[in-house]
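Enquirer: Sharing a structure here in structure tokens format.
The values are calculated or read from the model by the stated rules, or taken from the named source; none is laboratory data. All values reported here derive from a predicted model rather than from experimental measurement. FYI the Cβ positions are ideal-geometry reconstructions off the backbone, even for glycines, and counts take in every protein chain you see. Protein only, heavy atoms only, side chains kept; ligands, DNA and RNA dropped before computing areas. Shrake-Rupley method; radii C 1.70, N 1.55, O 1.52, S 1.80 Å.
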Amino acid sequence: MSTGRTLRQQEGRAGLVLISPTLIITLVVVVVPLLWAIMLAFQDARLINIRRVGIFGNYTLENFTYVISEPGFWSSLVNTLVYTVAGTALSIVIGLVAALALRDKFAGRTLVRASILIPYVAPVVAVAFLWETMLNPQYGIVNTWLREPIAFLTQARGEFLGIQVPVALLTVIAFEAWRYFPFAFLFILARLQALPAELDEAAVVDGATPTQRFRYVIMPQLWRIIALLSVLRFVFTFTKFDDVYLLTGGGAGTEVVSVRVYNFLTARDDIGASAAQAIVLAVVLVVFLILYLRFFSGGEREQE
Amino acid sequence: MSRDSFERILFRYLKPLVILVLFVVTAFPFFYMVMLSVRDIQELILDPGSLWPSSFTLDTYVNVLTRQGFLTFMRNSAIIAVASVAFTLLISIPGAYAVARLRFFGRRQVHFLFLAVYLFPAIVLAIPLFVLFTMLGLRGSLVGLILVYIAQTVPVTVYMLRNYFETVPQSVEEAAAIDGCTRLSTIWRVVLPLSKPALMATGLYAFMIAWNEFLFALLFLVERRDSWTVSLGLSQLAGSIEIPTTVLMAGSVVLTLPIVIVFFASERLLTEGLTAGAEKG
């Protein structure tokens, strides 16, 4: 090894060699396809003529104008936003409540904890199908408890206490909250258990009531993890495909952008329009992320 | 009554109630799933409200495993999951070691790349990969799917392993180096044996992703029934009228059970590995 290289250089070379498999696979399967997706979005690419689409093809903005003017695009973007915001907020709130309730030891805690985590670890296909069966208007268990059967997943609008409500959209939001609150629960519980007990004890001594302790002692220490969870869940939900596709197929007023992307790709074989739509989705996501970081950048800066 | 004692009493009753509700809401659907899977479809149609079947039957499982082909689907899923785990570990162990221990050009940027991949929307990737696999005639092959799963899990596994490798004392490694170990044999003989819990957690995470994944399986495999995974098989058969719901519920149990077993065998390891970064922010 004494070819005149310093130890530091050797270390640098070894580091690059060891990291290269990781870099290669992410480049080949993530970065290059991303660039290609961007290229496809600016070309007239269909499955039939795909071999003629090259790097030097005709770049146009046609896909974007087509996609945006197509009926259903804006409503799907609104659906995506409503679904994401409501799903994210609900899953975090329920996760927080669960973490607070399960914080102290009690008989059967292991069992309850295990049960709470199942919705998150179970395969999405199985749980979506399970919900579909439970909510089925003919033989589903939920409808046998109701006075009048409700078609939860196929009915776009319904009346509840005299107000018009989007039934199917609310159902997929409930599913989202049910399936992902364990994720928030895990992270918040881990944070809660890492909190120093002295602060809480001091607050008890000072005569703080339980809600005051929550408000002034516990919450201030949870904000950062909740902010992180909000970003993670927002990003994951905004581009989520499987849950909505499996539950409703995008019908009954639940079409989200990712389901449209899939339909353009497979049902219409319109690769260009599909890619353009996916890029619009990703750009909207990035805009939201930048806005978010602007508002919360104070908390982020102290990280590094 | 003071506000303090009022709140204490309130929460004393509220807490068990919340726990009970959470337990019922999460456990009941799975109980219902198992109960439906062991009853006859006639009974379900006649009496949909009953939870306990009047007679138990395992015909549903025989049907789903043999006639509907779930044995083949299980085999495909198992191949995909095991191969994903093996290659994910093979790739992320050296990567994580490099990030944890070695100073090299671009080390800081690597974190950013991993975060980007972790947050990257799968639906955007799905398009070019679908086109590529169509062009190469690879649709229906399991290899392509395994590649995608590795790429999706590696960023997280490198991160999880790195956190753990950093806790291995550097002095142990230096001692091994003085004893004449090369870098690779130090990793193999010193770092890995000390990191068994992290390796388990990482492998299980990769297994869960590969076993549960749906979108790419749908895009790549849908045209070839004999290469369907369990997830894909269940979703494709769920729409047909000929197959009774109870049989499909048996399929759901078959799909869910392996992952639940794997998860609970390793719950503590896995959740610690995943949430370890949470404390840092």
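Enquirer: Please work out which one of (1) part of a helix (DSSP H, G or I); (2) within 11 Å of another protein chain (Cβ to nearest Cβ); (3) over 23 Å from the mean Cα position of the chain (by Cα) is the condition B:THR157 fails and give its number.
Expert: The single condition B:THR157 does not satisfy is (3).
Enquirer: Something else: Looking only at region A:264-295, which residues are touching a Leu at 6+ places or on another chain (Cβ under 6 Å) and either surrounded by fewer than 19 Cβ atoms within 10 Å (Cβ to Cβ) or at pLDDT 90 or above (or both)?
Expert: Listed by number, the residues that qualify are A:ASP269, A:SER274, A:ALA275.
Table: residues versus (1) out of contact with any Lys or Arg (no Cβ under 7 Å at 6 or more places or on another chain); (2) closer than 23 Å to B:THR256 by Cα; (3) buried (at least 22 other Cβ atoms within 10 Å of the Cβ); (4) within 12 Å of chain A (Cβ to nearest Cβ).
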residue: B:LEU136; (1), (2), (3), (4): yes, no, no, yes
residue: B:TYR149; (1), (2), (3), (4): yes, yes, yes, yes
residue: B:VAL168; (1), (2), (3), (4): yes, no, no, no
residue: B:VAL172; (1), (2), (3), (4): yes, no, no, no
residue: B:TRP188; (1), (2), (3), (4): yes, no, no, no
residue: B:VAL222; (1), (2), (3), (4): yes, yes, no, yes
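Enquirer: To continue, here is another question. Would you pick out the residues in region B:224-271 that are within 11 Å of another protein chain (Cβ to nearest Cβ), over 17 Å from the mean Cα position of the chain (by Cα) and open to solvent by 30 Å² or more (accessible area, probe 1.4 Å)?
Expert: Across region B:224-271, the qualifying residues are B:GLN236, B:ALA238, B:GLY239, B:PRO244.
Enquirer: Determine, yes or no, whether A:ALA101 is surrounded by fewer than 23 Cβ atoms within 10 Å (Cβ to Cβ), modelled with pLDDT under 95, of a type outside the set (S, T, N, Q) and within 14 Å of B:VAL25 (Cβ to Cβ).
Expert: Working: surrounded by fewer than 23 Cβ atoms within 10 Å (Cβ to Cβ): yes; modelled with pLDDT under 95: yes; of a type outside the set (S, T, N, Q): yes; within 14 Å of B:VAL25 (Cβ to Cβ): yes.
Against the criterion (surrounded by fewer than 23 Cβ atoms within 10 Å (Cβ to Cβ), modelled with pLDDT under 95, of a type outside the set (S, T, N, Q) and within 14 Å of B:VAL25 (Cβ to Cβ)), A:ALA101 qualifies.
Enquirer: Hey, another quick one. Take region B:20-44 and flag every residue that is in a helix (DSSP H, G or I), touching a residue at least 60 places away in the same chain (Cβ under 8 Å) and either over 18 Å from A:THR144 (Cα atoms) or not β-branched (Val, Ile, Thr) (or both). Before the answer, list the steps.
Expert: Start the filter on region B:20-44 by keeping residues that are in a helix (DSSP H, G or I), which leaves B:20-37, B:41-44.
Pick out the ones that are also touching a residue at least 60 places away in the same chain (Cβ under 8 Å) and you get B:30, B:33-34, B:36-37, B:41, B:44.
B:PHE30, B:MET33, B:VAL34, B:LEU36, B:SER37, B:LEU44, listed by residue number.
Enquirer: Oh, and also: Out of curiosity, is B:ILE209 of a type in the set (A, V, I, L, M, F, W, C), closer than 21 Å to B:VAL158 by Cβ and either at pLDDT 85 or above or not assigned by the TED database to the domain that holds B:GLU43 (or both)?
Expert: Working: of a type in the set (A, V, I, L, M, F, W, C): yes; closer than 21 Å to B:VAL158 by Cβ: yes; either at pLDDT 85 or above or not assigned by the TED database to the domain that holds B:GLU43 (or both): yes.
Answer is yes for this residue.
Enquirer: Still on this model: Looking at (1) in a helix (DSSP H, G or I); (2) more than 16 Å from B:ILE209 (Cα to Cα); (3) of a type outside the set (Lys, Arg), which one does B:GLY140 not meet, given that it meets all the others?
Expert: (1)
Enquirer: List the helices (runs of 4 or more DSSP H) that sit entirely inside region A:89-151 and contain at least 1 residues that are more than 7 Å from chain B (Cβ to nearest Cβ), in contact with a Pro (Cβ under 9 Å, 6 or more places away or on another chain) and in contact (Cβ under 8 Å) with a residue 60 or more places away in the chain. Write out each step before concluding.
Expert: Numbers: elements: A:109-121, A:124-134, A:141-145.
So the answer is A:109-121, A:124-134.
Enquirer: I would also like to ask the following. Suppose we filter region A:153-173 for residues that are open to solvent by 30 Å² or more (accessible area, probe 1.4 Å) and either part of a loop (DSSP other than H, G, I, E, B) or in contact with a helix residue (DSSP H, G or I) (Cβ under 8 Å, 6 or more places away or on another chain) (or both); how many remain?
Expert: Restricting attention to region A:153-173, the residues satisfying the condition of being open to solvent by 30 Å² or more (accessible area, probe 1.4 Å) are A:154-157, A:159-166, A:170.
Imposing the further condition that a residue be either part of a loop (DSSP other than H, G, I, E, B) or in contact with a helix residue (DSSP H, G or I) (Cβ under 8 Å, 6 or more places away or on another chain) (or both) reduces the set to A:154-157, A:161-162, A:166.
Of the residues in that region, 7 qualify.
Enquirer: Moving on. Just wondering, is there one or more residues in region A:231-244 that are within 20 Å of A:VAL97 (Cα to Cα), loosely packed, with under 15 Cβ neighbours inside 10 Å and at the interface with chain B (Cβ under 10 Å from one of its Cβ atoms)?
Expert: First pass over region A:231-244, keeping only residues within 20 Å of A:VAL97 (Cα to Cα): A:231-234.
Applying the additional criterion that residues be loosely packed, with under 15 Cβ neighbours inside 10 Å yields none.
No, region A:231-244 has no match at all.
Enquirer: Being at the interface with another protein chain (Cβ under 10 Å from one of its Cβ atoms) and of a type in the set (Gly, Ala, Ser) is the requirement here; does B:ALA198 meet it? Walk me through it before giving the result.
Expert: Values: at the interface with another protein chain (Cβ under 10 Å from one of its Cβ atoms): no; of a type in the set (Gly, Ala, Ser): yes.
No.
Enquirer: Which members of region B:87-111 meet the condition of being farther than 13 Å from B:PHE165 by Cβ and more than 19 Å from the chain's Cα centre (by Cα)?
Expert: B:ARG103, B:PHE104, B:PHE105, B:GLY106, B:ARG107, B:ARG108, B:GLN109, B:VAL110, B:HIS111, listed by residue number.
Enquirer: Also: Take region B:29-43 and flag every residue that is hydrophobic (A, V, I, L, M, F, W, C), open to solvent by less than 40 Å² (accessible area, probe 1.4 Å) and under 22 Å from A:LEU117 (Cα atoms). Give the steps one after another, and end with the answer.
Expert: Filtering region B:29-43 down to residues hydrophobic (A, V, I, L, M, F, W, C) leaves B:30-31, B:33-36, B:38, B:41.
Next, from what is left, pick out any that are open to solvent by less than 40 Å² (accessible area, probe 1.4 Å): B:30, B:33, B:35-36, B:38.
If the condition is that a residue be hydrophobic (A, V, I, L, M, F, W, C), open to solvent by less than 40 Å² (accessible area, probe 1.4 Å) and under 22 Å from A:LEU117 (Cα atoms), then B:PHE30, B:MET33, B:MET35, B:LEU36 are the ones that fit.
Enquirer: Does A:PHE185 count as within 20 Å of A:LEU102 (Cα to Cα) and either assigned to a helix (DSSP H, G or I) or more than 10 Å from chain B (Cβ to nearest Cβ) (or both)? Reasoning before the result, please.
Expert: Working: within 20 Å of A:LEU102 (Cα to Cα): yes; either assigned to a helix (DSSP H, G or I) or more than 10 Å from chain B (Cβ to nearest Cβ) (or both): yes.
Taking the combined requirement at face value, the residue satisfies it.
Enquirer: Can I ask one more? What are the pairs, 6+ residues apart or on separate chains, where a residue within region B:151-174 that is within 21 Å of B:ARG189 (Cβ to Cβ) has its Cβ under 6 Å from a residue that is open to solvent by less than 70 Å² (accessible area, probe 1.4 Å) and assigned to a loop (DSSP other than H, G, I, E, B)?
Expert: These pairs meet every condition: B:TYR164/B:SER195.
Enquirer: Give me the residue from region A:130-152 that is at pLDDT below 90 and of a type in the set (Ser, Thr, Tyr) and, out of that set, most open to solvent (accessible area, probe 1.4 Å).
Expert: Within region A:130-152, the subset at pLDDT below 90 is A:136-152.
Add one more test, that the residue is of a type in the set (Ser, Thr, Tyr), and what stays is A:139, A:144.
Details: A:TYR139: 43, A:THR144: 58 Å².
The extreme case among them is A:THR144.
Enquirer: Somewhere in region B:180-192, is a residue at pLDDT below 85, in contact with a helix residue (DSSP H, G or I) (Cβ under 7 Å, 6 or more places away or on another chain), polar (S, T, N, Q) and in the same structural domain as B:LEU142 (by the TED database)?
Expert: Yes - at least one qualifying residue is present in region B:180-192.
Enquirer: Any idea which of (1) assigned to a loop (DSSP other than H, G, I, E, B); (2) touching a Leu at 6+ places or on another chain (Cβ under 9 Å) is the one B:GLU242 doesn't satisfy?
Expert: Every listed condition holds for B:GLU242 apart from (2).
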